[in-house]
Every structure is written in C-alpha cells, then in structure tokens.
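The values are calculated or read from the model by the stated rules, or taken from the named source; none is laboratory data. Here the structure is a predicted model, which means the values were calculated and not measured. Ideal geometry is used to build each Cβ from the backbone, glycine not excepted, and the neighbour counts take in all protein chains shown.
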Amino acid sequence: MRGSLSVLSIRSLVLAAVASTASAEGDPRAMPTHTVAPAKGHIPVAFVLTEGATMIDFAGPWEVFQDVMIPSRGPTMDDQMPFELFTVSDSKKPFRISGGLQVVPDFTFDDAPQPKIVVIPAQGGRSPKMLEWIRKKTTQSDVVMSVCTGAFKLGAAGVLKGKRATTHDDFFGPFQREFPDVLLQKGMRYVQSDSVVFTAGGLSSGIDLALHIVELYFGRTVASETARMMEYEGKGWMGDGSATASFAPPPAGPHPSDTLSGGVLGNWEGTLGADRGPVAVALHIWRDEHGALTGTVDSPEEGALDLPISAVRYEQRRLSFEVSSAGGRYDGTLDGEEAALSGTWSKGERALALTLRRAGR
C-alpha cells in the first residue's frame, strides 16, 4: 500500500516546506556516486526471501523504503514514492516464514529484474543459485545489504573476505568460526563493508540501515521525515552505525549446582568439536526437590543459556540426558576420579565428541 490521498497531501505540504534543504542534503556531489538517485523513475529494491525468513528483518526495511515520499519528483503518488519493491526466491512456490506467514515470491533468481538495492534477511535458503545471484548483484547494484544472520549469506557468497561486517550478537561465535577471514565488528547497528555491501545487526537494526540508505540517496531531511511517518524513535541510523546499548546475553546462573561436586552433581565445562570450529559448552546438574536429577546447559557463543535438560539418567557412572530445545542428546561416562565426563553429543544422525570436566579444574 502506497498511502492515502489524505496522507499524501499532508506529507506533501510538510516536505515541500523543506524541499530546498532536502535538495541540498541530497546533492549527489556530497554522496557516494553509487547512491545518486535518478531525477525520475523508480529505484528497484529486491528482497531475497526463502523458507524461514525472519519477518522484521525484511518487513522493517520494506516499510522504510515504501514510506519514502519526495513531492518534487512529480504530481502523482507513484511519482513521489521512488522505491519499487519486489521479492525474489529460488522459485515462485509459496513457502512459510517466521510465525507461519505464507509468502509467494514475485520473481525467481532467473527472471528477477535488475535491482538497485538488494535486502537479504535471516532465512533458511542457501542454494548455489541464490549465492551466485547475490554475488553478481554486488557488482551490478548500488547497495546489497544484509540484516541479522543474512550476513551468513553474504559470507557464503564470498563477498565479505577481508572486509568489516556484523550480524546478530547471538551469532558472533558461529560467524567468526565459519568466516574467520571476515573482520567481525561488535557493538554496531550496521557496518559498511565496501562501496556496495552493508551488513546490519539483529532484527530492528535493519530499520536503521534502511534509513541510512535512504539518507545516502535523498539526504537527512527525507530520511528523518520517513522515520517520523513511521513513528520510529530510534536514532541509530543518524551516526556511524555504532550501537548505544549492549544486547549481550546476561551471564548464566546462579544454579543449585554451584556448591555441588559429588558424582555427576555440580558444574561441568567442555568444548564441542563442531564442523565450524570448537563450541564452548557448560553443564549444570543438581537434584530437584523430589531427588530427581535435573539441570541446564549453556553455550554462550551460540546465544544459548540455561537450556533445560530432560530424560536424565545416571546409572553405573553412565549419564544421559536430552536437550529438547536444541534437538540433541548427550551420553557420557564419569571417570573414577569424578573429574571428567567423556561422551558424545548426538543430533539426528550426527554424533560429536564432547568431554566435560569439572568447572574450575
């Protein structure tokens, strides 16, 4: 929806009053040449969507771009709203995104029109055709921007090597392990990786990056009016991308296991030898009020804290439990000194070695 006539008239009056300021701020000579807005016509924006795409990652930027209005561009609403938005995927078959919403893509990677801007949210898809299309657009478009773990798609496409980038802070560890040649930037709402590629942090960070892109094209007045229209109070888009708040997960615990050290009871630490590199794991195990074994598991680098364990069994020094929220199971054996648990972490058909040692030893 591009708006109503009443909204159009009100916003036209507001923006017309500052048109000269917007024109000065949007002077192409003051901006990178790749974000010079055409005097007329639309700026095509492609949203790459596949199964499991995170709603706000693309809905936030979508709302930003569709709310931009420039009265001086022409008499009609279509003239004044410069961004033309469409979705692109592997096929035009319907699929589900976060929360179960069904999406039917406008185009495929084979027939999509050439975009000036590409938005890549967090999602499940990672097909060779998708990665090749992204790679090609970084040489043909004005802007290619990721939101949240959409940065993993840029990394997989090979366009972030040796460059600065960011992603959701819950995924800093996995990102660094999978792309050690990327210069991960923490504490940022968004990062400009090169003259075309931008990466945003988690979820709402995409709104800040989209407003920043609007500012590059049309100047601060237009971007500010867009934020006002959205009633968006965030100011992160106005600076250099630095975050003003830390969203790092709180430390785990305390746990009833903190004072225990007999048998399997107590706190344990280990490293899971995953394909993408070592993953730190902590186990906390104690007895509940009924005497049954219970506990939690942490993996701070994965953004997982206090995941409850279930189906706990301990017999003849053999310990097993499930972590339903992670879809996995641990089976291990306690050594004679009660100092180490040697076993495996299983998920589906995969089994990875995991040795846990008493914390502090």
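Among the residues of the stretch 91-123, those identified as exposed (fewer than 12 other Cβ atoms within 10 Å of the Cβ) and in contact (Cβ under 8 Å) with a residue 40 or more places away in the chain are Gly99, Leu101, Pro113, Gln114. Taking every residue in the stretch 228-242 that is aliphatic (A, V, I, L, M) and pairing it with any residue that is in a loop (DSSP other than H, G, I, E, B), at least 6 positions away or on another chain, yields no pair with a Cβ-Cβ distance below 6 Å. Residues of the stretch 40-48 include none that is part of a helix (DSSP H, G or I) and not β-branched (Val, Ile, Thr).
Results for (1) among the small types (Gly, Ala, Ser); (2) in a strand (DSSP E or B); (3) touching a Lys or Arg at 6+ places or on another chain (Cβ under 8 Å), shown as yes or no for each residue.
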residue: Gly262; (1), (2), (3): yes, no, no
residue: Thr271; (1), (2), (3): no, yes, no
residue: His284; (1), (2), (3): no, yes, no
residue: Thr296; (1), (2), (3): no, yes, no
residue: Leu305; (1), (2), (3): no, yes, no
residue: Asp331; (1), (2), (3): no, yes, yes
residue: Glu338; (1), (2), (3): no, no, yes
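Across the stretch 152-187, the qualifying residues are those that are charged (D, E, K, R) and in contact (Cβ under 8 Å) with a residue 24 or more places away in the chain, and the one among them that is farthest from Pro300 (Cα to Cα) is Lys163.
Residue by residue, here is whether (1) under 24 Å from the mean Cα position of the chain (by Cα); (2) surrounded by fewer than 18 Cβ atoms within 10 Å (Cβ to Cβ); (3) of a type in the set (A, V, I, L, M) holds:
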| position | (1), (2), (3) |
| --- | --- |
| Val264 | no, no, yes |
| Glu269 | no, yes, no |
| Val279 | yes, no, yes |
| Trp286 | no, no, no |
| Asp335 | no, yes, no |
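Does Ser257 satisfy the criteria of being outside any strand (DSSP E or B) and of a type in the set (Ser, Thr, Tyr)? The answer is yes for Ser257. Can you find a residue in the stretch 180-200 that is among the basic types (Lys, Arg), within 22 Å of Asp169 (Cβ to Cβ) and in the same structural domain as Thr138 (by TED's automatic domain parsing)? Within the stretch 180-200, one or more residues are among the basic types (Lys, Arg), within 22 Å of Asp169 (Cβ to Cβ) and in the same structural domain as Thr138 (by TED's automatic domain parsing). Which members of the stretch 139-194 meet the condition of being touching a helix residue (DSSP H, G or I) at 6+ places or on another chain (Cβ under 9 Å), among the hydroxyl-bearing types (Ser, Thr, Tyr) and surrounded by fewer than 24 Cβ atoms within 10 Å (Cβ to Cβ)? The answer is Ser141, Thr149.
Hey, among the residues in the stretch 116-134 that are in a loop (DSSP other than H, G, I, E, B) and not aliphatic (A, V, I, L, M), which one's nearest to the chain's Cα centre (by Cα)? Top of the filtered list is Pro121. Annotation: Gln140 fulfils all but one of (1) without any contact (Cβ under 8 Å) to a residue 60 or more places away in the chain; (2) assigned to a strand (DSSP E or B); the unmet one is (2). Exactly one of these conditions fails for Val279: (1) among the aliphatic types (A, V, I, L, M); (2) at pLDDT 95 or above; (3) touching a Leu at 6+ places or on another chain (Cβ under 8 Å). Give me its number. In the conditions (1) among the aliphatic types (A, V, I, L, M); (2) at pLDDT 95 or above; (3) touching a Leu at 6+ places or on another chain (Cβ under 8 Å), Val279 misses (2) alone.
Table: residues versus (1) part of a loop (DSSP other than H, G, I, E, B); (2) outside the structural domain of Ala227 (by TED's automatic domain parsing); (3) at pLDDT 95 or above.
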| residue | (1), (2), (3) |
| --- | --- |
| Ile56 | no, no, yes |
| Gly60 | no, no, yes |
| Glu63 | no, no, yes |
| Met69 | yes, no, yes |
| Asp79 | no, no, no |
| Phe86 | no, no, yes |
| Ser91 | yes, no, yes |
| Asp110 | yes, no, yes |
| Gln114 | yes, no, yes |
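Applying the set (1) among the small types (Gly, Ala, Ser); (2) in contact with a Ser or Thr (Cβ under 9 Å, 6 or more places away or on another chain); (3) in contact (Cβ under 8 Å) with a residue 60 or more places away in the chain to Gly201 leaves exactly one unmet item: (3). For Leu354, are the conditions met, namely being under 27 Å from His168 (Cα atoms), hydrophobic (A, V, I, L, M, F, W, C) and surrounded by 18 or more Cβ atoms within 10 Å (Cβ to Cβ)? Yes. Restricted to the stretch 171-240, the set of helices (runs of 4 or more DSSP H) holding at least 2 residues that are modelled with pLDDT of 95 or more comprises 205-218, 220-229.
For the stretch 337-350, residues that are surrounded by 14 or more Cβ atoms within 10 Å (Cβ to Cβ), of a type outside the set (Gly, Ala, Ser) and on the phi < 0 side of the Ramachandran plot total 3.
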